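Comments concern the structure below.
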Amino acid sequence: MRYLAKLASTVIAAITGFFAACPVAAADFPDRPVRIIVPYSVGTATEAAARQLGDRLAKVWHQGVVVEAIPGAGGIVGTQAIAKAAPDGYTLGIVAGAHAANPALGPVPYDPLKDFTPVMNIAYTSLVLVVNPNLPYRTARELVAAAKAKPKSITYGTGGTGSAPHMAMEDFMSRAGIDMTHVPYKSLGQLTTDLLGGQIDASMQAVNTFLPQIQAGKVRALGVTGPSSFPLLPDVPPLKDAVPGYVSQIWIGMIAPAGVPDAVVRRIFADASAILKTEEMKQALIGQGIEVDVQPADAFWKQVAADIEKWSVVAKRAGISGR
């Protein structure tokens, strides 16, 4: 009996110590370097946002924040690495709309909702529809009219089948009632070269992809996919003016492995949102074609869930399969 009493006392002490330590651990977070995984290539809007935020979090936390790009399979490789990391807040991920689109293209080795802890929405970027300036189309309405008159005669390039711009363009065509010919590319550099050279007619990509060419008059912007004009392109109207109801923005959000303590998530959200709401950070991201849009975990995750359903419908309707 004495042994059992001693054992019970030891267990109770251990449990009490564990729960007593939890608030302290959350309050002291982080006490070592933090890793942020971006499952896309260096130079993408998402990776740029991660580095801007990571640099500033490092100063607030007085700890190293290492941003690591792990591209592959449209974001699946890096996203799986996030899912498999320890749920302690020391491995975070910054993902974009592809996180919701990938499950529509075929099986993924994780559940896009259940295997992750949502932290926050960080920002969004609009896409811009551009054409070679030698073509006669000066508005999205003119492009739509030409595509209706001659189905499949107009070509458009994207960074690959099932990519966010491809899915957004399929949604645009469906809503507009048109059919254009998709030309997938392995490299945005080659896509841009072919667009400037007239080998393809059009493309839809993140604003920052074509911003220098638009400003130099090398491509013509017909519309942006957001609900209103983008700050860097104030004279370019939203595509919904030509195709009612069409809006397609690519969100950029922060996630973590499933099971990260709520207190740690709240700490990360508080520190990151304070940084993102500064004018200095807003201007830094606008320069990259990104608009800050801070949303808490619950609102962010509702958007992700809605997009998973949306892109599933778009993929089925268009017969898209990336794998």
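The values are calculated or read from the model by the stated rules, or taken from the named source; none is laboratory data. Just so it is clear, the structure is predicted and the values come from calculations on it, not from any experiment. Backbone-built Cβ (ideal geometry, glycine too); neighbour counts: all protein chains shown.
Among residues that are of a type in the set (D, E, K, R) and more than 25 Å from ALA73 (Cα to Cα), ASP307 is not included.
Pairs are defined by a Cβ separation below 6 Å, a sequence spacing of at least 6 or placement on different chains, a first member in region 261-280 that is in the same structural domain as VAL294 (by TED's automatic domain parsing) and crowded, with 18+ Cβ neighbours inside 10 Å, and a second member that is in a helix (DSSP H, G or I) and modelled with pLDDT of 95 or more; the pairs so defined are ILE275/ARG56; ILE275/MET281. Scanning region 116-144 for residues that are under 30 Å from ILE268 (Cβ atoms) and part of a loop (DSSP other than H, G, I, E, B) yields no hits at all. For region 191-205, filtering for residues that are part of a helix (DSSP H, G or I) and among the aliphatic types (A, V, I, L, M) leaves 3.
Among the residues making up region 155-184, those that are more than 16 Å from VAL314 (Cβ to Cβ) and buried (at least 20 other Cβ atoms within 10 Å of the Cβ) are GLY157, GLY159. Take the conditions (1) in contact with a Phe, Trp or Tyr (Cβ under 9 Å, 6 or more places away or on another chain); (2) among the charged types (D, E, K, R); (3) under 20 Å from GLY93 (Cα atoms); (4) in a helix (DSSP H, G or I); ASP293 misses just one of them, which is (4). When the test is whether a residue is modelled with pLDDT under 95 and within 16 Å of ASN132 (Cα to Cα), PRO231 does not pass it.
Evaluate the following for ALA100: is it in the same structural domain as ILE255 (by TED's automatic domain parsing), of a type in the set (A, V, I, L, M) and touching a Phe, Trp or Tyr at 6+ places or on another chain (Cβ under 7 Å)? Answer is yes for this residue. Restricting the first member to region 55-67 and to residues that are at negative phi, and the second to residues that are outside any helix (DSSP H, G or I) and loosely packed, with under 12 Cβ neighbours inside 10 Å, the beta-carbon pairs closer than 7 Å and six or more apart or on different chains are GLN63/ARG32. Taking region 226-260 as the range and being under 22 Å from the mean Cα position of the chain (by Cα) and free of Cβ contacts under 8 Å to residues at least 60 places away in the same chain as the test, the residues that pass are PRO227, SER228, SER229, LEU232, PRO238, LYS240, VAL247. Applying the criterion of at least 1 residues that are surrounded by fewer than 20 Cβ atoms within 10 Å (Cβ to Cβ) and modelled with pLDDT of 95 or more to the helices (runs of 4 or more DSSP H) found wholly in region 1-115 leaves 45-61, 76-84.
Yes/no matrix, rows are residues, columns are (1) among the aliphatic types (A, V, I, L, M); (2) modelled with pLDDT of 95 or more; (3) under 24 Å from PRO237 (Cα atoms):
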site: PRO136; (1), (2), (3): no, yes, yes
site: ALA145; (1), (2), (3): yes, yes, yes
site: LYS148; (1), (2), (3): no, yes, yes
site: GLY160; (1), (2), (3): no, no, no
site: ILE178; (1), (2), (3): yes, yes, yes
site: HIS182; (1), (2), (3): no, yes, yes
site: GLY189; (1), (2), (3): no, no, no
site: GLN199; (1), (2), (3): no, yes, no
